[in-house]
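The values are calculated or read from the model by the stated rules, or taken from the named source; none is laboratory data. The structure presented is a predicted model; accordingly, all values stated were derived computationally and were not measured. Note: ideal-geometry Cβ built from the backbone for every residue, glycine included; neighbour counts use all protein chains shown.
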Amino acid sequence: MSVRSALAALALLAASPAMALELRLPADCRLGEDCFLQQFPDMKKGDGAIDPFCGIATYDGHDGVDLRVLSMKDITRAVPVVAVADGEVLRGRDGVEDRLVDTPGAREAIMPRACGNGVVIAHADGLETQYCHLRRGSIVVRPGQKLKAGDKIGEVGASGLAQFPHVHLTVRLDGAEVDPLTGRKVGEDCVADPSDARPLFSPAVMAMMKPLQPEILGLGLSGSLVDYDTLVVDGPPPQATTADAVRVAWVWLANVKVGDTLRIVLDGPDGERLTDNTTKPLDRNKAIYFSYAGKKGSPVPGSYRLDVTVLRDGSPVVNRSRQITVE
């Protein structure tokens, strides 16, 4: 199935959900603009990993949906984590600090509290949801409290076992973990044909999801070199100005596949092509990928055009353009 036909089917597959409840996103944000779907449940039993639609957007043993903000700096925006459906709070935990787990020692130390600050909610029809990695001090609900879909629970954070700031949503049905994109039990196998899925998410949410495509988290024109460790902490770098000595076109992606190539094209204010760079094919799947193409020389003032394309088997699967004004 082509990417285009698969995405078209995704928009239709929610017509007959597996149950009466239709879940909303677990955060009050604009998908693809200020929050991004990073990872989905691992639907493969045993070793290895495969996402709900037989793609790469997961890792071995992952049991939920990760909805991220870009950086630790974005935690200060207080992005609300919300109930995905009407329900009653069962239990919760707060007080775990927000920090990125980036060493084996830090991972081992946090494992007993891997969920970090979290909340568990009971819903109708035997459904239960769990929300993890909330911002310390942000939880505003208590056990026994009745909630409506969209009511605030807390805020997106990076507590517990988190390598990027996000809310992790686990869905359980009668005690078994369930993938909300397909309605199948986690580990039951992926859905090759999206029309076979019976999602728990609402049709509106499913229409926004693109699990078969890479996700462009950000792109821009910087006046200095950029690296991922800085991006995930501080967010996108300052835009280039005429005072800078270099021009660096950069792009930040999630879930690129082995063999994918990335083309970065930058045109100057007078239409001159300043950069046209295509990477070598990726040697493996990457949950996070960062690339840039730079050129020495101070930017002249004016409007630049940055065009980024991910190519798979020689054909574009994702493209985004941005006009950038340098002053």
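Number of residues in the stretch 272-303 that are touching a residue at least 40 places away in the same chain (Cβ under 8 Å) and more than 26 Å from the chain's Cα centre (by Cα): the value is 8. Among residues that are out of contact with any Ser or Thr (no Cβ under 6 Å at 6 or more places or on another chain), modelled with pLDDT of 95 or more, farther than 26 Å from Val317 by Cβ and not basic (Lys, Arg), Val171 is not included. Put simply, of Asp189, Asp179, Asp283, Asp267 the only residue that is among the charged types (D, E, K, R), within 22 Å of Ala57 (Cβ to Cβ) and surrounded by 15 or more Cβ atoms within 10 Å (Cβ to Cβ) is Asp179.
If you check Ala158 against the conditions, is it touching a residue at least 60 places away in the same chain (Cβ under 8 Å), in contact with a Leu (Cβ under 9 Å, 6 or more places away or on another chain), surrounded by fewer than 17 Cβ atoms within 10 Å (Cβ to Cβ) and in the same structural domain as Leu23 (by TED's automatic domain parsing)?
Values: touching a residue at least 60 places away in the same chain (Cβ under 8 Å): yes; in contact with a Leu (Cβ under 9 Å, 6 or more places away or on another chain): yes; surrounded by fewer than 17 Cβ atoms within 10 Å (Cβ to Cβ): no; in the same structural domain as Leu23 (by TED's automatic domain parsing): yes.
It is false that Ala158 is touching a residue at least 60 places away in the same chain (Cβ under 8 Å), in contact with a Leu (Cβ under 9 Å, 6 or more places away or on another chain), surrounded by fewer than 17 Cβ atoms within 10 Å (Cβ to Cβ) and in the same structural domain as Leu23 (by TED's automatic domain parsing).
Here is a yes/no grid of residues against (1) more than 25 Å from Gly183 (Cα to Cα); (2) of a type in the set (Ser, Thr, Tyr); (3) in contact with a Gly (Cβ under 9 Å, 6 or more places away or on another chain):
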| site | (1), (2), (3) |
| --- | --- |
| Arg68 | no, no, no |
| Lys73 | yes, no, yes |
| Arg77 | yes, no, no |
| Pro80 | yes, no, yes |
| Gly87 | no, no, no |
| Leu100 | yes, no, no |
| Val120 | no, no, yes |
| His123 | no, no, yes |
| Glu128 | no, no, yes |
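One residue stands out among those in the stretch 31-49 that are in a loop (DSSP other than H, G, I, E, B) and under 12 Å from Met209 (Cβ atoms): the one that is modelled with the highest pLDDT, which is Phe40. Just one of the numbered conditions (1) in contact with a strand residue (DSSP E or B) (Cβ under 6 Å, 6 or more places away or on another chain); (2) over 25 Å from Gly32 (Cα atoms); (3) modelled with pLDDT under 95 is not true of Ala293: (2).
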